[in-house]
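The values are calculated or read from the model by the stated rules, or taken from the named source; none is laboratory data. All values derive from a computational prediction rather than experimental measurement. Note that we place each Cβ from the backbone using ideal geometry, even for glycine, and neighbour counts take in every protein chain shown.
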Amino acid sequence: MSRVIIFGGKRKNACQEQDLVDALQRKGIESTIWGKKELLSGTPGDTDLFFIRNLFYSSIDDHANPENSRVIKQLRELEESTTFLNTIDGLLAVRDKLAISRVYRDLRIPFIKAEKLTNDPNELVKWVDEASERYSTGVIIKDQYGGLGKGIIKIKKQGTKYLCDVSCVVDGEQKFTNESWDGSELKVFFKEHMGDLSLMGQAYVSSEYEFREPGKSESIRLLDIGQNQYLAMARRATGAINNVSLTKSGEGDISEASIPEMEVDVSKRICEHLGLFFAGCDFIRTDTSFFRGDPQALYVPADMRASTKVSFMLEINGIPQYGGIQELYTGKCSITDLIVDEITKYL
């Protein structure tokens with residue numbers, strides 16, 4: 001009989017993984033959670049399903065060379081004989097926020113263009129100065145392999161000052177600040193907080209909401225479950241950096257969001273292409289007419305250029321947590337049950 005193996009943690013913060021196991025077992029489906037120990041010693045059956053969850057990225061020490069990870073090597077061996085709901089290739093692809101842009105272009109998906117940056121402070125400030133002449137709304141510099149808003153700065157140059165919205169980790173805790181720095185102070189920040197990161201830079205693309213509400217920002221998280229079920233939330237913040245951690249810190253809020261057909265189509269195509277059964281796609285909904293003076297900022301497929309209302313792919317989370325969006329849908333649906341319903345189609 002088939003069973004579902006969930007690769008994830010067993011600590012208190014792994015409650016979503018245990019919820020999935022419990023829901024599967026209520027349907028009479030054998031299910032268990034494997035940590036690293038079980039992964040390295042266990043043997044799945046030929047008919048088992050393997051669902052990678054929250055231990056995957058934390059098991060990789062060097063995201064630029066993930067195949068060196070012992071866990072990845074073991075997962076690769078298992079994938080040869082076991083059905084994986086979220087493929088290893090897909091999960092690795094979406095973690096590299098720079099390389100994934102080539103996939104977006106191949107699939108003709110609108111996205112915010114990006115470029116590789118050095119982490120040398122002098123060169124970074126030089127890039128900010130040059131890019132500020134091309135991008136009227138400022139720039140974003142962030143960790144190419146980062147997540148949860150760690151290691152990201154939005155910069156708007158104003159005269160000799162750099163107006164910055166910062167998200168970084170200080171003494172093990174995430175910190176959000178707004179700063180007005182000169183060039184020397186900005187270099188100090190780059191050295192102290194971004195010196196060991198693989199960096200990328202891109203235009204800061206304001207959402208349509210931000211043009212209506214200056215000083216605020218909005219991004220959309222679309223949860224894709226089996227390319228069949230879709231839920232969405234809007235994340236709004238009082239600053240430029242917009243993510244779940246920020247809204248949880250009290251600097252913003254979340255709400256239910258409509259789900260345009262375009263976003264469903266994009267999510268479905270990219271998830272099917274990458275082999276992602278369950279993913280979170282983040283979009284910036286904006287009006288392209290605002291960026292006619294910044295033609296290098298955005299990639300818009302030819303068949304969409306007649307439309308000004310476009311949802312641009314910001315990034316994909318291959319292992320999304322869904323506690324926040326579940327709060328919005330309490331009493332309407334159980335995301336855990338939706339996931340389990342889609343899993344059963346593979347058994």
* **Qualifying positions in the stretch 245-263 - assigned to a helix (DSSP H, G or I), under 30 Å from Met304 (Cβ atoms) and modelled with pLDDT of 50 or more** => Glu261, Met262, Glu263
* Asked: What number of residues within the stretch 183-224 satisfy the criterion of being over 26 Å from Lys268 (Cα atoms), in contact with a helix residue (DSSP H, G or I) (Cβ under 8 Å, 6 or more places away or on another chain) and basic (Lys, Arg)?
  -> 3
* Structure fact -> Flagged in the stretch 110-138 as closer than 21 Å to Phe312 by Cα and not in a helix (DSSP H, G or I), in numbering order, are Pro110, Phe111, Ile112, Lys113, Ala114, Glu115, Lys116, Tyr135, Ser136, Thr137, Gly138
* Asked: Counting just the residues of the stretch 33-88 that are of a type in the set (S, T, N, Q) and outside any loop (DSSP other than H, G, I, E, B), which one comes out farthest from the chain's Cα centre (by Cα)?
  -> Ser41
* What about Asn13, is it crowded, with 16+ Cβ neighbours inside 10 Å and at pLDDT below 90? -> no
* Asked: Among the candidates Glu342, Glu272, which residue alone is among the acidic types (Asp, Glu), in contact (Cβ under 8 Å) with a residue 12 or more places away in the chain and out of contact with any strand residue (DSSP E or B) (no Cβ under 8 Å at 6 or more places or on another chain)?
  -> Glu272
* Of all residues in the stretch 206-244 being at pLDDT 95 or above and either of a type in the set (Phe, Trp, Tyr) or part of a loop (DSSP other than H, G, I, E, B) (or both), the one that is farthest from Glu342 (Cα to Cα) -> Tyr230
* **Top-ranked residue of the stretch 131-155 - restricted to ones that are at pLDDT 90 or above and over 12 Å from Gln202 (Cα atoms), ranked as surrounded by the fewest Cβ atoms within 10 Å (Cβ to Cβ)** => Glu133
